[in-house]
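Here is the structure we will look at, set down as structure tokens.
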Amino acid sequence: MIRQLFTDKDFNQKLIKLTLPIMLQSLMLALVAAADALMLGSVEQNSMAAVSLATQVQFIQNMIISSVTSAAAILGAQYWGKGDIKTLKDIFAITLRVCGIASVLFWIACVFFPRYLMLIFTNDPILIDIGISYLKIAGWSYLLTGISQCYLTMMKISEHARETAIISSTAVILNIILNVFFIYGLIGISAMGVQGAAIATLISRIVELSFCFFLSFRASFIRLEVKRLFKHNPVLSADFVRTLWPLLGAFLFWGVGFTSYTAFMGHLGADAAASNSIASVVRDLVCCLCNGLASGGGILVGNELGAGKLEKGKLYGDRLLWISIIAGLLSTGVMFLVTPLVMKFVKLTPNAHELLLGMMIIMAIYMIGRVINSVLINGIFAAGGDTLFDMYSLAICMWGLAVPLAALGTFLFKWPVLLVYACTCLDEVGKIPWVIIHYKKYKWVKDLTRDIE
């Protein structure tokens, strides 16, 4: 099996063509958070910590949007493999309706009720006030994010992954350049700190959605047909909801769990919050490889399953399992290699600096589980509609183990910061054997398509 990883040129070319653009897109998105953290951290530690806490609101929104677009990708990849473009356009319309409603709700919460949102993550009045000033502006960008993600998802599954990488890269580069001008203040622009970071984010989102919309009118791209927004297809809608609910449950379990980890760090003090914000940025950068493998590999397997080639889809899944193990070990090595560089360049208090070193070491071990689980659960299992397993595993490993231990350590036992942080990383490592055993049952080898009129 390992030998075939390097000899099947068709598989390798397809995987690279899908994975590299998606990995680049994931990297570009992570770089925005990295740029915000580094630039705001160079101005003031509290600004960096406050924005890190405030953006957890967008993180939760992204979990909802991601669950909807993932359902679209699962069904869409199979219908694309089958060659049913009309049904794919209906899936696009359903996705836009749901994501549009979610985006409006988060905009209302951020623009009109930001103080209540910040109180969820911290009781520090300084961090709350800084976070409010960020959310009131950044909340407008949340109106646009869901719509642009729908367009980018359709591009990925219709063999335009390269274009998604170009759009995301352009938006990120623009965001970083604007960050420099608005945060620090250049060429006559007043330094605006966290408000400047929010304005930069809003402008880049406007540009991203504009590119998506105009590019969709090119030949071979999936574009919005307004009449489909108001068309109800009961059979397809039922399939979409059936695919969505387990994904939504899993994403919310995972998203709220991760947000609670950030809240625990926020309640352990400003130093813990600042160290965790840097460690999270590094984690997201290193996770770009597994994000690309999971998304690209899932589309590749889904195409084969939707085309009725179940044995070939199973073969591709077996190869991706071995690739995930190799990628997990590589990611751990990368974490150890970048730790000295991160420690050298970040500007933190001595205590926060010491905490960050411990977090980076813990994170290196965590990466093995994160990569393997992402590729198998979010990529292979999802490709065949096997989405319930993720929700079950999160309910047991995250909410039955990691979250309770971290909460007890934070509020009851007053454990050291690094021990609480280690508790937040238990779930990914602990569920590796369970995930591999479930993979070997091959319940995910399914064709989800129908002949829909």
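(1) open to solvent by 30 Å² or more (accessible area, probe 1.4 Å); (2) in contact with a Leu (Cβ under 9 Å, 6 or more places away or on another chain): which one isn't true of HIS438, the others all being true?
Status for HIS438: all satisfied but (1).
Just give me the residues in the range 177-194 being surrounded by fewer than 18 Cβ atoms within 10 Å (Cβ to Cβ) and either part of a loop (DSSP other than H, G, I, E, B) or at pLDDT 80 or above (or both), in sequence order.
Initial filter on the range 177-194 (surrounded by fewer than 18 Cβ atoms within 10 Å (Cβ to Cβ)): 177, 180-181, 184-191.
Residues satisfying the conditions are ILE177, VAL180, PHE181, LEU186, ILE187, GLY188, ILE189, SER190, ALA191.
If I filter the range 296-308 for residues that are within 23 Å of the chain's Cα centre (by Cα) and under 15 Å from ILE368 (Cα atoms), do I get at least one hit?
no
Can you tell me which residue among LEU376, LEU401 is free of Cβ contacts under 8 Å to residues at least 40 places away in the same chain and either closer than 18 Å to VAL256 by Cβ or part of a helix (DSSP H, G or I) (or both)?
LEU401 is the lone residue from the list that is free of Cβ contacts under 8 Å to residues at least 40 places away in the same chain and either closer than 18 Å to VAL256 by Cβ or part of a helix (DSSP H, G or I) (or both).
Listed residues PHE213, PHE217, PHE258; which is open to solvent by 60 Å² or more (accessible area, probe 1.4 Å), of a type in the set (Phe, Trp, Tyr) and in a helix (DSSP H, G or I)?
PHE213
Of (1) farther than 29 Å from ARG162 by Cβ; (2) polar (S, T, N, Q); (3) assigned to a loop (DSSP other than H, G, I, E, B), SER237 satisfies all except one. Which?
If we test SER237 against (1) farther than 29 Å from ARG162 by Cβ; (2) polar (S, T, N, Q); (3) assigned to a loop (DSSP other than H, G, I, E, B), just (3) comes out false.
The values are calculated or read from the model by the stated rules, or taken from the named source; none is laboratory data. None of the values given here were measured: they were computed from a predicted structure. Ideal geometry is used to build each Cβ from the backbone, glycine not excepted, and the neighbour counts take in all protein chains shown. To get the accessible areas, we keep the full protein, side chains included, count just its heavy atoms, and leave off ligands, DNA and RNA. Shrake-Rupley method; radii C 1.70, N 1.55, O 1.52, S 1.80 Å.
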